[in-house]
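The values are calculated or read from the model by the stated rules, or taken from the named source; none is laboratory data. Being a predicted model, the structure only gives us computed values, none of them experimental. Here the Cβ is made from the backbone with ideal geometry for all residues, glycine too, and neighbour counts use every protein chain on show.
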Protein chains: 2
Amino acid sequence: MSSLALSSDYVPSHALANVRGSAIRDLLKLTEQPHVLSLAGGLPATELIPAERISECAARISADSASLQYTVSAGVHECREAVASYDDVTTPRRVLLTHGSQQALFLLAHALVNPGEMVVVDDPVYVGALQVFQSVRAEVVALPITSAGTDVDALRELLETGARPRIVHTVSNFHNPAGVTATTQTRIELARLADHYGFVVVEDDPYGRLRFTGDDVATIAAHGERVVRLGSASKILAPALRVGWMSGPPEIIAMVELLRQGADLCGSTFSQLIVAELLDDRTWLDNHIARVRDAYRLRAAALATALSREFGDRVEFTRPEGGMFCWARVPGADTSALLAGAVDAGVAYVPGAAFGVRADFGDCLRLSYSALTPDELSEAVRRLSVALLA
Amino acid sequence: MSSLALSSDYVPSHALANVRGSAIRDLLKLTEQPHVLSLAGGLPATELIPAERISECAARISADSASLQYTVSAGVHECREAVASYDDVTTPRRVLLTHGSQQALFLLAHALVNPGEMVVVDDPVYVGALQVFQSVRAEVVALPITSAGTDVDALRELLETGARPRIVHTVSNFHNPAGVTATTQTRIELARLADHYGFVVVEDDPYGRLRFTGDDVATIAAHGERVVRLGSASKILAPALRVGWMSGPPEIIAMVELLRQGADLCGSTFSQLIVAELLDDRTWLDNHIARVRDAYRLRAAALATALSREFGDRVEFTRPEGGMFCWARVPGADTSALLAGAVDAGVAYVPGAAFGVRADFGDCLRLSYSALTPDELSEAVRRLSVALLA
């Protein structure tokens, strides 16, 4: 019989046709060249991962074959309890463990959003969130972020015109990529608007514990019920544990739990038990996190110093109070066009355009300082100035 | 201001509204009572998980903090290589690592199937596949499975009427739940129909290495290009490693890789390195798998002996050649209605109705023999006969 199908006709679904690849993850490949000092990644510092402690836990826990068996979709109870305690959640029933907090975002979007329904994000946006909302074919509305976080005035105006988003997403602390932290007033208003207009705030907070200057701000969830908080062990313990979590209304937890059965059945019993033990060892954990914070404080300062030294008044940038990212603008520089030259000069960054939804950010760039030492950061910025100011 | 939203109005998306919960996973909770001998689960034998070897690997590998860092979405190269070698795939580029093979199925469906498009499954069906296809809102067509596997004659008739499925899914070896293995003729015909009509065969094969009697049958992928094979470390090494994989056309691998960035970024570097090492240690692996196979052979035989002894001619059942499941029918028994009494009597199973799409299977049940010893299986079947034949 003659063939009706060409061998190359693997037609992507609408879900996929709509998704833009992550420039950042694609860059991971490019920047693996040894001579490149990468400000591009979103990686925590490898040398600060507590490998010795994790290795000891891993050996002991995996020696019991029961910890290598399947678990329930919501996650190992001990770890849900540990997360509830760590993140001030009233009960483990409000916690669901996921394969990194990215999976929490993905499942949440799939549980709550139909094609064509609205989702509001910040501009610039966390690319992983944009990909998720594109994959459910949401109508994505991006509001330019302010120095106080999500632009709640613009959001209110949007809502008053009759717009009814299903989700409003923000990275509340040390925004990726914008570097800003939502103020208390922004948080209160987000929670209030959510209650009034019936959307869900997704409070994406992987970096909250990595504050190295200034005071903690109460969570958005502290101000209202229609908030789902996302957290992760990736930035405080280790990415390869792949343990993230969401906490929120039990009705939403139940919906996501059901969807997760189909998505991947369950998480790793073994990894979740490791995370439970480490979160529960509060003395060790506090010391460990303090060590990471101290290192990032020095690195952020080294980056800022080098930017001022090399660029003078030709750069504007956020001074992050925590987390891993600095958002910079070099007026007149086309950061997308200049990237290849920068990599040749031995430095990588993510062009601002990778994070733009409505806005262009063509002269912006995201600089991650977490994975380089102060000396490396100084040299990286020197190379950057050669590439961008040439 | 007065509230427009009720606090309980977390409306599930269409994706979720369409998904039926997994009776099997819900049962996991019920059967955790200590007095219950569970034939319900799909768990490999806990005591046969190579915990000592995994513990040694885990300790050594996680002591290097680089193995606790993020990895690329397609998975750690060493592990893709190891899987390619283990599963006779021509190149690691055709392999993508996932968080269990369930995630491979989920991503594949999301990459290839739009709402309303057709997917063909066996009846009875692997519930995890049904959930996935429901969550993408596929039109699911179920063809009663035969003793030769997927009913390729019924499939051909369907295709000749103009039906154009995107995916045809089957569990090719030791079908879950039906226990049958697709014959060579069925495999050849599936691959041929896929080439002719342009669908993708999903050859779901978590149990293929667990054959304890009879001869291996060449894979469906060996007969054509439009086949994606799914495999997993869960049944041969340990579920909590959460390492599964898919192999197939590079175009499809690339589509799934893109979707995976949004789904959960990447898998666990750490777990994938453990799996790579264990798959590559062929002498150890062959011995280990032989040990699991031998145990399952004894268990399957003990179950069959007990069924014949306790039920006589009041039961019909498959005699599995491998894997973990036996499919039984007790004419006249309403296995859903009788389950609660069976649990009271100290035995659990999954009622056939949980696996039915068009068919009812009201007098059928799935019995898993992998997790119980021969003596426990004998006692479990005695209790089962009390509950079902009362």
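Does segment B:378-389 contain at least one residue that is surrounded by fewer than 17 Cβ atoms within 10 Å (Cβ to Cβ) and more than 27 Å from B:Ala45 (Cβ to Cβ)? The answer is yes; a qualifying residue exists. Residue count for segment B:175-219 satisfying the condition of being hydrophobic (A, V, I, L, M, F, W, C), in contact with a helix residue (DSSP H, G or I) (Cβ under 8 Å, 6 or more places away or on another chain) and not in a loop (DSSP other than H, G, I, E, B): 8.
Suppose we keep only residues that are at the interface with chain B (Cβ under 8 Å from one of its Cβ atoms), more than 21 Å from the chain's Cα centre (by Cα) and in contact (Cβ under 8 Å) with a residue 12 or more places away in the chain within segment A:245-257. Which one would you say is farthest from B:Gln131 (Cα to Cα)?
In this case the residue turns out to be A:Pro249.
Within segment A:115-138, being more than 14 Å from chain B (Cβ to nearest Cβ) and either surrounded by fewer than 24 Cβ atoms within 10 Å (Cβ to Cβ) or at pLDDT below 95 (or both) holds for one residue alone: A:Asp123. Just so you know, in segment B:139-150 the residues that are polar (S, T, N, Q) and in a loop (DSSP other than H, G, I, E, B) include one that is surrounded by the fewest Cβ atoms within 10 Å (Cβ to Cβ), and it is B:Ser147.
A:Tyr70 meets each of the listed conditions (1) crowded, with 20+ Cβ neighbours inside 10 Å; (2) facing another protein chain (nearest Cβ under 8 Å); (3) hydroxyl-bearing (Ser, Thr, Tyr); (4) over 18 Å from B:Ser234 (Cα atoms) apart from (4).
Please find, among A:Ala104, A:Ala111, A:Ala84, A:Ala74, the residue that is in a helix (DSSP H, G or I), within 22 Å of B:Arg260 (Cα to Cα) and more than 18 Å from the chain's Cα centre (by Cα). Result: A:Ala111 is the single residue among A:Ala104, A:Ala111, A:Ala84, A:Ala74 that is in a helix (DSSP H, G or I), within 22 Å of B:Arg260 (Cα to Cα) and more than 18 Å from the chain's Cα centre (by Cα). Just one of (1) closer than 21 Å to B:Val180 by Cα; (2) buried (at least 24 other Cβ atoms within 10 Å of the Cβ); (3) of a type in the set (D, E, K, R) fails for B:Asp264. It is (1). Selection of segment A:317-342 for residues being outside any loop (DSSP other than H, G, I, E, B) and closer than 22 Å to A:Pro374 by Cβ yields A:Phe317, A:Gly322, A:Phe325, A:Cys326, A:Trp327, A:Ala328, A:Ala342.
Of the residues making up segment A:258-269, those that are more than 9 Å from every other protein chain (Cβ to nearest Cβ) and assigned to a loop (DSSP other than H, G, I, E, B) number 0. Taken over segment A:231-244, the criterion of being touching a Pro at 6+ places or on another chain (Cβ under 7 Å) and more than 10 Å from chain B (Cβ to nearest Cβ) is satisfied by A:Gly231, A:Ser232, A:Lys235. Scoring B:Ala276 on the criteria (1) buried (at least 18 other Cβ atoms within 10 Å of the Cβ); (2) more than 10 Å from chain A (Cβ to nearest Cβ); (3) not in a helix (DSSP H, G or I) leaves a single failure, condition (3). Of the residues making up segment A:223-240, those that are closer than 16 Å to A:Arg293 by Cβ and β-branched (Val, Ile, Thr) number 1.
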